[in-house]
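These notes concern the structure reproduced below.
Readers should treat all values here as calculations from the given coordinates under stated rules, not as data from a laboratory. Not measured: the values here are computed from a predicted model. Cβ atoms come from the backbone with ideal geometry, glycine included; neighbour counts cover every protein chain shown.
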Amino acid sequence: MMQEWMRLDAAVAAAGSVVGKKEHAGPLGGCFDLHDESDRFGKKTWEGAESEMQRMAFGLALSRCGMADRDVGALFAGDLLNQCVSSAYGLLSYDIPYFGLYGACSTCAEGLLLAAMAVSCGVWTACGAVTSSHYCSAERQYRTPLEYGAQRPPTAQWTVTGAGAFVVGQAGRYPERVRICAGMPGRAQDYGINDPGNMGAAMAPAAADTLRRYLAATGFSPRRYDLIVTGDLGFEGGRLFCDLLRAEGIDLGGRYADCGQLIYDRKGQDVHSGGSGCGCSAVVLAAYLLPRMQSGELGRILFLGTGAMMSPDSVKQGENIPAIAHLLELESPKLAGAERS
């Protein structure tokens, strides 16, 4: 049988995060690099604002590791909008080969996984991974324009206005940075969920499947990790995720967190089941999790990017919502003297 998980030898050389007003007002607000109180970032349209967030976030990441366009072999980028236009327009100013991705909310993990694979096998010495979402552009595409004032069900999640960007390099070149030491691509899962107001329920089985397969393939235990993070199941999906794992005898033992649960104050900001969108896990990883790993507060984590692979048309046609979850194992540079994966 083909081995599904892979050893990787990559490092996150630098990261950048840009968010909107609501995200800056949340519990992690002080962690993000840049924000805009208007959510427009100087642009006339919400879609233009989302593109600008990507441009700004990747520019920050490049500057932090002292790189220019010529130093980056490829960009892996995507977003929620049709034909990934936020990424295509937002990254036009960078003279770097571009791969457009659509992994819905799993795009951050997908881009990082592909970038880490590329540098680990020596195709390039460095790659970029960028993604974003914007509450207003996503609502207009997937649901209704904001002016309509549609009521949201309790299981609904709030699309994060934010962009996260990462420069991934060969681990040997960045020994003092957080290492991407292993990964596993997800498999599309369809458990019959067709409610677009409950993305957590659609994505939870995919996250449970990927984590179960990874632990079985590697022989590792959840106790190996300081944190097992999904992005982003929210409160409803997070509960289902833990229930599904417990049914298979896997207890996360208080090591579980979800980016959609971390980014907002659930009661104070009225986000119902938490955050979602490509930008959710990207900005939480870039601004909150990676710094904690860099400092040694967290030694080793599993990061599972989860995505609901629907489209506006598939929802209107009543189709089920397939989902996917990609996994990365990240290691703090403070573990350099400890056992490697």
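Stretched out fully, how many nm does the piece from LYS43 to ALA188 gain, at 0.36 nm a residue minus the Cα gap? Spell out each step's value before the answer.
On the way: separation 145, 0.36 × 145 = 52.20 nm, distance 3.59 nm.
Difference between extended and current length: 48.6 nm.
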Practice task
Among DSSP beta bridges whose residues both lie in the stretch 6-171, state the antiparallel percentage, nearest 5.
Solution key: 60
Handout entry: Highest-first arrangement of 128-139, 298-309, where packing means the average Cβ count within 10 Å
Key = 128-139, 298-309
Handout entry: Proximal lysines relative to LYS21, as straight alpha-carbon distance under 26 Å, when same-chain residues fewer than 8 apart are discounted
Key = LYS43, LYS44, LYS267
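How do 69-78, 203-212 rank on mean C-beta neighbours within 10 Å, highest first?
On the way: 69-78: 20.1, 203-212: 26.3.
Ranking, from highest mean packing down: 203-212, 69-78.
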Problem - Point-to-point label distance, THR218-ARG64, nm (Cα→Cβ direction, 7 Å offset) - result: 2.3
Practice task
As a check on your grasp of the helix formula, calculate [θ] at 222 nm for the chain: sum -39500 (n - 2.57) over DSSP H runs of n ≥ 4, divide by the residue count, round to the nearest 500.
Solution key: -9000 deg cm²/dmol
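Hey, can you list the DSSP H helices of the chain whose Cα span along the axis is 24 Å or longer and whose average Kyte-Doolittle score is at least -0.5?
The qualifying helices are 46-64, 199-218.
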Completion exercise
Taking 0.36 nm per residue of separation between GLU4 and ASP265 and subtracting their Cα-Cα distance, the length gained on full extension comes to 90.3 nm
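Please list the equivalent ellipsoid semi-axes of the stretch 6-171, computed as the square roots of five times the alpha-carbon gyration tensor eigenvalues, in descending order and whole angstrom. Before the final figure, lay out each step's value.
Working: eigenvalues 159, 51, 44 Å².
Value: 28, 16, 15 Å, ordered largest first.
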Completion exercise
Note: ASP95 to LEU34 extended length (0.36 nm per residue) minus current alpha-carbon separation gives 19.6 nm
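With viscosity set to 0.890 mPa s and temperature to 25 °C, compute the Stokes-Einstein D of the stretch 179-334, Rh being the Kirkwood radius across alpha carbon pairs; µm²/s, no decimals.
Values: Rh = 15.7 Å.
Approximately 156 µm²/s, per Stokes-Einstein.
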Fill in the blank from the handout: Read-out Kirkwood radius over Cα pairs in Å, candidates [x] 19.5; [y] 22.5; [z] 20.0; calculated match is [x]
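Ratio of the stretch 245-338's C-alpha Rg to 2.2 N^0.38 Å, to two decimals?
Its radius of gyration relative to the 2.2 N^0.38 Å reference: 1.33.
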Problem - HIS24, HIS326 arranged by Cβ crowding within 10 Å, fewest neighbours leading - result: HIS24, HIS326
